[in-house]
Amino acid sequence: LEERLQVTQEDLAAYYEGHKRRFRTPAQAHLQELLVEDLELARDLVRQVEAGAELSELIGQYSIRHYNVEEGILRVHDVQHPLYGEAWMNTVMNAPLNELQGPVETTGGYSIFRVVHRYTASFDPLDKKWVREMVVRGVKEQKEKKGEM
């Protein structure tokens, strides 16, 4: 059966394009973030940072977000908007690098943050070994279902 299934480059390209979302690496942002429940406290903390306080120190003292505080960086992917909220995620993904943002309302409270690095979304190409193997397998399964043997 394996030998009788003919898979052309056109088959592979069509399958890859039709299923490209499976090979997407989501956009990612790394940020220093301070999350508090109270809006007035958030505004006061912004004023403190603008007056020279270190955001990283305030994060350790005030943030209710649970992540690796030692490292001090929150890593989020654009597909996590259900977890953090659409508005917050859009703000994070579009914020200028290294500029204080907030307070922005998000799940759990009010966020003050600084994006320190951002990676754009990308697609692994068809010529990558693991992608090609998945695409070949997918094409063969489609052909088997259609009876193209």
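The values are calculated or read from the model by the stated rules, or taken from the named source; none is laboratory data. Given the structure is predicted, the values throughout are model-derived calculations rather than measurements. Cβ sites come from the backbone with ideal geometry, for glycine too, and all protein chains shown count toward neighbours. Calculation scope for accessible area: heavy atoms of the full protein, side chains included, ligands and nucleic acids excluded. Shrake-Rupley method; radii C 1.70, N 1.55, O 1.52, S 1.80 Å.
Worth a mention:
- With respect to the conditions (1) in a helix (DSSP H, G or I); (2) in contact with a Phe, Trp or Tyr (Cβ under 6 Å, 6 or more places away or on another chain); (3) not acidic (Asp, Glu), residue 43 falls short on a single one, namely (2).
- Condition broken by residue 25, with the remaining ones in (1) open to solvent by 80 Å² or more (accessible area, probe 1.4 Å); (2) on the phi < 0 side of the Ramachandran plot satisfied: (1)
- Subset of segment 91-112 that is among the small types (Gly, Ala, Ser) and not in a loop (DSSP other than H, G, I, E, B) - its residue that is surrounded by the most Cβ atoms within 10 Å (Cβ to Cβ): 111
- Flag for residue 120 being of a type in the set (Val, Ile, Thr), surrounded by fewer than 17 Cβ atoms within 10 Å (Cβ to Cβ) and under 15 Å from residue 27 (Cβ atoms): yes
- Residues in segment 1-17 that are part of a helix (DSSP H, G or I) and either modelled with pLDDT of 90 or more or open to solvent by 60 Å² or more (accessible area, probe 1.4 Å) (or both) were compared, and the one that is farthest from residue 136 (Cα to Cα) is 17.
- Boolean, residue 46 is touching a helix residue (DSSP H, G or I) at 6+ places or on another chain (Cβ under 9 Å), open to solvent by less than 40 Å² (accessible area, probe 1.4 Å) and aliphatic (A, V, I, L, M): no
- Put simply, of 135, 79, 69, 115 the only residue that is outside any helix (DSSP H, G or I) and modelled with pLDDT under 95 is 69.
- Every condition in (1) out of contact with any Leu (no Cβ under 9 Å at 6 or more places or on another chain); (2) at pLDDT 95 or above; (3) part of a loop (DSSP other than H, G, I, E, B) holds for residue 53 except the one numbered (1).
- Residue check for residue 141: part of a strand (DSSP E or B) and among the acidic types (Asp, Glu): no
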